[in-house]
Amino acid sequence: MAQFLVSAPELSLEIPSAWQHTSIAVLLISALLACFFGYRLRKFCVAVTGFSAGLIIGFFVGALIGGPAAGIAVALILAVILALLAFKLYKTGIFLMTAIYTFSAVLMIPDGGNSVTGALIAVLAFIAAIAAGCLSLKFLRPVLIAATSIGGGFQLAAAITLLFSAAPQWLFPALGCVFAILGIWVQARRKDA
């Protein structure tokens, strides 16, 4: 799968298995909510997306500046700030949430271990994310349903395959497609405004 690799050996952290299980549980719950209730919970999802983006950006920036402890502190502060901004600036939050879900879904395309293909997938993911973000502002309901169902479906598939270390390679894309289609079907059937 296409990935962005950040070379920062000073950031190598050993994650205890209890945290891994907790992370997988949080991923499962958030992926289920996004996949099947993304449109209905859009304001909550926007805030969670802002919080998550703040955590990731804040941790790497803080860790590069002052080590892992500073990374955690900066991550928490930036996470709260971005969650509040995303919630208050609703349209911006919708754009970012749709773009992030689209970006992560396109990055799930297998690259066959080829770095050129991986780079092309990353460029395609960026272009698709911007396009989906812009479309979400014009066609909020259908684009948001598609983005949250596809992104949440593939995140759900990732969490499930993480639970089973001996899972066959075909299981991840197959589950991702099944969950994405089910998510779109479930969300499109609802008549909530």
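The values are calculated or read from the model by the stated rules, or taken from the named source; none is laboratory data. Keep in mind that what you see is a predicted model, and the values were worked out from it rather than measured. Don't worry about glycine lacking a Cβ; one is built from the backbone with ideal geometry, like all the others, and counts go over all protein chains shown. Note: accessible area is taken over every heavy atom of the protein model, side chains too, but ligands, DNA and RNA are not part of it. Shrake-Rupley method; radii C 1.70, N 1.55, O 1.52, S 1.80 Å.
With all protein chains present, how much of the accessible area of the chain (probe radius 1.4 Å) comes from carbon and sulfur, to the nearest whole percent? Carbon-and-sulfur percentage of accessible area, whole number: 77. Placing a label point 7 Å from the Cα of residue 92 along the Cα-to-Cβ direction, the residues of region 37-51 whose backbone N falls under 20 Å of that point are 42-51. When nucleic acids and ligands are ignored and a 1.4 Å probe is applied, residue 165 ends up with an accessible area of around 120 Å².
Near residue 86, once Lys and Arg are set to +1 and Asp and Glu to -1 for all other residues with Cβ below 12 Å from its Cβ, the sum equals +4.
In the context of the full protein assembly, residue 60 retains an accessible surface of approximately 90 Å², using a probe radius of 1.4 Å and ignoring ligands and nucleic acids. Only protein heavy atoms count here; under a 1.4 Å probe, residue 91 has an accessible surface of about 130 Å².
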